[in-house]
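Comments concern the structure below.
Nothing in this text is a laboratory measurement; each read-out follows from the coordinates by a stated rule. Model, not experiment: these values are computed from the prediction. Methodologically, a virtual Cβ is constructed for each residue, glycine included, from the backbone with ideal geometry; neighbour enumeration extends over all protein chains shown.
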Amino acid sequence: MWKIYKEQSSDLGFAIGCLFSEAINLNEFRQWIELCINDLDQDEIPLYMFDLINFEDSLAKIHLVIGFVPSSGLSKTEKIALEGISYLRGVDIFDPISTQEQSIEYLKNNPHISEKFKQTFPFINFI
């Protein structure tokens, strides 16, 4: 079961964290939303998931669509590791929190971040 609910939001928080770190783009985020919707029974799907499929606004406003701020539970080091995924995918990050070298090093030191990324986004071929 996906953790996309207010009480348990770590999967939604991780996906949004990947979006903010540019490890995924908005189209890939939408693919993930569709994956969640297809995996869940209709009565288990929060309405905001349908709103997120059509989200086109500033990322700073994504929480307004959801109605709460999902928690990824990631440490600062793990967030830097997410940027390592962005760099390995060839993304030129707009406002990075660390250098490319450090981000990739943190990713190597936190292999669970790569595994979580692969589990969350199985449709993305990455390293």
Per 5 Å bin from zero, what fraction in whole % of the C-alpha pairs of the chain is there, up to the bin with the longest pair? 2, 11, 22, 24, 20, 13, 6, 2, 0
Within a Cβ distance under 10 Å of PHE123, other residues only, what is the Lys/Arg minus Asp/Glu net charge? -2
To make sure I understand the rule: partners must be aspartates and glutamates, Cα under 20 Å from the Cα of LYS108, and not fewer than 8 residues away in the same chain. Which ones qualify? GLU22, GLU78, GLU83, ASP92
Grab the beta carbon distance between ASP92 and LEU47, set R0 = 30 Å, and tell me the FRET efficiency rounded to 0.05. 0.30
Compactness relative to 2.2 N^0.38 Å, alpha carbon Rg of segment 51-124: 1.22
Projecting the Cα atoms of ASN125, GLY73, ILE45 onto the charge dipole of the chain, where Lys and Arg contribute +1 and Asp and Glu -1 at Cβ, the residue farthest towards the positive end is GLY73
Between ASN109 and ASP39, what's the calculated FRET efficiency when r is the beta-carbon distance and R0 is 25 Å? Round to 0.05. 0.20
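Could you pull out the GluC sites (Glu not before Pro) across segment 46-127 that fall in loop regions by DSSP (anything but H, G, I, E, B) with no more than 11 other Cβ atoms inside 10 Å?
Of the GluC sites (Glu not before Pro), the ones in loops of segment 46-127 whose Cβ has at most 11 other Cβ atoms within 10 Å are GLU56.
Counting only other residues whose beta carbon sits under 11 Å from that of THR99, what net charge do I get with K and R as +1, D and E as -1?
So the surrounding residues net to -3.
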Output needed: percent of Cα pairs per 10 Å distance bin for segment 1-67, bins running from 0 to the one holding the longest distance. 20, 63, 17, 0
Which loop-located chymotrypsin sites (Phe, Trp or Tyr not before Pro) does segment 1-57 contain, where loop means any DSSP state but H, G, I, E or B and the Cβ has at most 11 other Cβ atoms within 10 Å? none
